Amino acid sequence: MKKGTTFEQAMARLEEITAQLGKGDTTLDASLKLYAEGAELVAFCDQALSSAALTIQKLYPPQEDKADA
């Protein structure tokens, strides 16, 4: 994966890989390479989403219910 890849670029590439593998006309060797690339992209996207969720939690921490206070 290229350095500086964005979440959106990674998702677009995952869609391309899924479509290519879905056709069923890829050789086994090429399929394995695509699968490995896809797994790397999934890990990248998962990390990006986790980081975004953490940022949101920091910006908007859970508020206690005022009825409990």
Can you give the angle from 0 to 90° between the axis of helix 28-59 and the longest principal axis of the chain, with both taken from C-alpha atoms, to the nearest 10?
10
Could you give the dipole magnitude of the chain about its Cα centre, charging the beta-carbon of Lys and Arg +1 and that of Asp and Glu -1, in debye to the nearest 20?
260
Counting residues in the stretch 20-68 as N, plug N into 2.2 N^0.38 Å and put the Cα Rg over that result.
2.04
Measure off 7 Å from each Cα along the Cα-to-Cβ vector at Cys45 and Ala19, then give the distance between these two points in nanometres to one decimal.
1.4
Looking at Ala36, Leu21, Gly4, which one has the Cα that reaches farthest to the positive end of the dipole of the chain (charges on Cβ: Lys, Arg +1; Asp, Glu -1)?
Gly4
Stretched out fully, how many nm does the piece from Leu34 to Glu64 gain, at 0.36 nm a residue minus the Cα gap?
6.2 nm
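The numbers here are math on the coordinates, done by the rules we state, and not lab data. Every value quoted in this text rests on a predicted model; they were computed, and no experiment measured them. Here the Cβ is made from the backbone with ideal geometry for all residues, glycine too, and neighbour counts use every protein chain on show.
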